[in-house]
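What follows is a set of notes on a single structure, which appears directly below.
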Amino acid sequence: MKCDENLRFTMSPHYAPEKSVSLVYDAVYSYAYALENIVKHLDCGIHASNREEYLSCLKDHLPLYMRNVTFLGETERVRYIPMFGYTKRHYVINNLQNTSNGYELVKIGVWNKTSTALEMDDVDIHWAPHYKGEKPTSFCSKPCGIGEEMVHQQRRCCWSCQQCQEHQITFWMGPVKRCESCKEGQWPDQATRTKCQPRGNNSVKPRASWGYHGFLSICLFAVCYFLK
């Protein structure tokens with residue numbers, strides 16, 4: 001059974017185009033119509049002596065012809081303004097929301113290419129329930145804490161945090177945070193772990209701790225025991 005070439009999904013009353021995918025369709029058709037017009041108007045195949053020259057001919061004329069394409073796309077009529085050399089357009093920012101009619105793409109903002117202005121209200125954005133009303137953060141890696149250095153992964157802009165050893169401080173080597181050992185007789189400051197300071201006398205001072213009296217009592221007991 002052969003399908004009727006005149007039948008289209010748009011003829012169904014229940015059909016609704018998925019806008020984000022439709023934009024991809026329109027982009028592909030833009031290239032296709034531009035290439036078709038180049039083949040019709042130019043003789044790239046005649047003047048080119050090999051495949052590389054033919055492709056170079058198409059590539060050189062493609063931007064100009066794409067600016068002169070007009071066709072009925074999946075979402076709306078796409079119009080290009082030849083006198084300006086670029087498309088006069090704006091971008092609509094949609095948010096996938098669970099409405100009374102099911103999941104729908106709801107318009108929450110617009111970016112105008114001419115004025116490069118973004119018009120969007122964060123209140124209109126519906127985030128996933130697991131964010132519990134808080135805005136999600138977009139980052140590759142979190143800043144490392146006190147006494148931690150950055151260990152880069154495969155991507156240069158991403159890293160993991162590794163704890164420095166107890167005798168090390170942290171310092172910045174350009175944009176990278178590294179560990180560095182203190183010199184002998186010095187110890188990191190515990191507040192920031194960014195500077196070395198002279199290590200204090202940790203010996204037990206007489207009459208300053210019960211440990212001194214305990215140690216003295218043990219010594220006296222041992223001497224008395226061996227004198228018996």
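The values are calculated or read from the model by the stated rules, or taken from the named source; none is laboratory data. Just so it is clear, the structure is predicted and the values come from calculations on it, not from any experiment. All Cβ positions, even for glycine, are placed from backbone atoms using ideal geometry, and neighbour counts span all protein chains on display.
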Tally, over the stretch 1-32, of residues that are among the β-branched types (Val, Ile, Thr), closer than 21 Å to Met66 by Cβ and at pLDDT below 75: 2
Subset of the stretch 155-198 (residues that are charged (D, E, K, R) and either surrounded by 16 or more Cβ atoms within 10 Å (Cβ to Cβ) or assigned to a strand (DSSP E or B) (or both)): Lys177, Arg178, Glu180, Arg193
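So is Cys164 outside the structural domain of Pro175 (by TED's automatic domain parsing), over 21 Å from Val92 (Cα atoms) and touching a strand residue (DSSP E or B) at 6+ places or on another chain (Cβ under 9 Å) or not?
Values: outside the structural domain of Pro175 (by TED's automatic domain parsing): no; over 21 Å from Val92 (Cα atoms): yes; touching a strand residue (DSSP E or B) at 6+ places or on another chain (Cβ under 9 Å): yes.
Answer is no for this residue.
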Residue match in the stretch 36-50 (condition: closer than 27 Å to Tyr91 by Cβ, surrounded by 13 or more Cβ atoms within 10 Å (Cβ to Cβ) and among the hydrophobic types (A, V, I, L, M, F, W, C)): no
Yes/no for Tyr80 being in contact with a strand residue (DSSP E or B) (Cβ under 9 Å, 6 or more places away or on another chain), closer than 30 Å to Tyr29 by Cβ, loosely packed, with under 14 Cβ neighbours inside 10 Å and at pLDDT below 85: no
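Name the single residue, out of those in the stretch 99-125 being among the β-branched types (Val, Ile, Thr) and at pLDDT below 80, that is nearest to Pro136 (Cα to Cα).
Only one residue fits best here, namely Thr116.
For the stretch 33-48, which residues satisfy the criterion of being modelled with pLDDT of 75 or more and not aromatic (Phe, Trp, Tyr)? Don't jump to the end; show me each part of the working.
Of the residues in the stretch 33-48, the ones modelled with pLDDT of 75 or more are 33-44.
Residues satisfying the conditions are Ala34, Leu35, Glu36, Asn37, Ile38, Val39, Lys40, His41, Leu42, Asp43, Cys44.
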Residues satisfying the stated conditions in the stretch 133-154, i.e. part of a loop (DSSP other than H, G, I, E, B) and within 19 Å of Gln190 (Cα to Cα): Pro143, Cys144, Gly145, Ile146, Gly147
Test: residue in the stretch 115-133 that is in contact with a strand residue (DSSP E or B) (Cβ under 6 Å, 6 or more places away or on another chain), surrounded by 14 or more Cβ atoms within 10 Å (Cβ to Cβ) and over 30 Å from Leu96 (Cα atoms): no
